[in-house]
Amino acid sequence: MVDDDRDLLDFYQLVIQKSFKNVEVLTFTGGKAALEELSRTTPDLFITDLNMPKMDGLQVLSILAGMKVKFPVMMLTSIWDEGFVEHAHKIAEPHFDFTYFHSPGNGDEVRKFIQEVSKLIGVEPDIALSASQ
């Protein structure tokens with residue numbers, strides 16, 4: 001998982017690890033370090049932020065496409081711009097499963113995030129995702 005905001009990384013890491021037992025979440029504050037890790041490990045899912053300094057999420061997607069990766073990729077962002085969404089899909093879709101997800105801010109959005117992660121990794125969450133949580 002890549003995001004330049006350490007607090008958000010910690011939040012997502014906690015949410016994923018509480019939702020899925022036996023899932024390890026590696027976090028990186030920059031795209032370069034995350035991409036370097038891919039020479040050592042192949043993730044079940046790669047999650048990246050869109051807006052980051054030095055290397056943004058679209059650049060990360062382009063590099064992943066060039067690497068011909070086989071794992072799914074999720075882009076998280078607080079920005080919902082149809083132009084970015086369309087551009088990101090054009091980069092990713094010929095190469096790997098891809099979803100563009102608006103950063104979760106409330107409980108309902110967090111549940112949707114976990115459901116999307118579940119779909120991408122093919123593993124059911126270990127917690128119930130009812131509306132009352």
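Taking the 0 to 90 degree range and rounding to the nearest ten, how far is the long axis of helix 6-19 tilted relative to the main principal axis of the chain, both from C-alpha atoms?
Taking Cα atoms only, the helix is inclined about 50 degrees.
Per-residue ellipticity at 222 nm for the chain, helices alone: DSSP H runs ≥ 4 residues times -39500 (n - 2.57), over residue total, nearest 500 deg cm²/dmol? List each step's numbers first, then the result.
Details: 5 runs with 58 residues, N = 133.
Using -39500 (n - 2.57) per qualifying helix, the result is -13500 deg cm²/dmol.
Working from Cα positions, state the angle (0 to 90°, nearest 10) between the long axis of helix 82-92 and the longest principal axis of the chain.
Helix 82-92 sits roughly 70 degrees off the main axis of the chain.
How would you rank Arg111, Arg6, going from fewest to most other Cβ atoms within 10 Å of each one's own Cβ? If you can, show how the numbers build up before the last one.
Working: Arg111 20, Arg6 10.
With the sparsest Cβ surroundings first, the list reads Arg6, Arg111.
Sorted by average packing, counted as other Cβ atoms within 10 angstrom per residue and highest first, what order do 100-107, 9-16, 60-67 take?
Top of the packing list down: 60-67, 9-16, 100-107.
Quick one: which residues, 5 or more positions from Ile47 or on another chain, have an amide H under 5 Å from its amide H? H modelled 1.01 Å from N in the peptide plane, none for Pro or chain starts.
Val2, Met74
Search the structure for amide H atoms under 5 Å from the amide H of Tyr100, placed 1.01 Å from N in the peptide plane, and list their residues when 5 or more places away or on another chain.
For Tyr100, the qualifying residues are Met75.
Provide the net charge surrounding Val73, with neighbours chosen by a C-beta distance below 15 Å and charges set as Lys +1, Arg +1, Asp -1, Glu -1.
Values: positive: Lys68, Lys70, Lys90, Lys119; negative: Asp3, Glu37, Asp44, Asp49, Asp56, Glu93, Asp97, Glu116.
Result for the neighbourhood of Val73: -4.
Here, each number is a calculation from the coordinates, and none is a lab measurement. Treat the numbers as computed from the prediction; the structure is a model and nothing was measured. In this analysis, Cβ positions are derived from the backbone assuming ideal geometry, glycine residues included, and neighbour counts consider all displayed protein chains.
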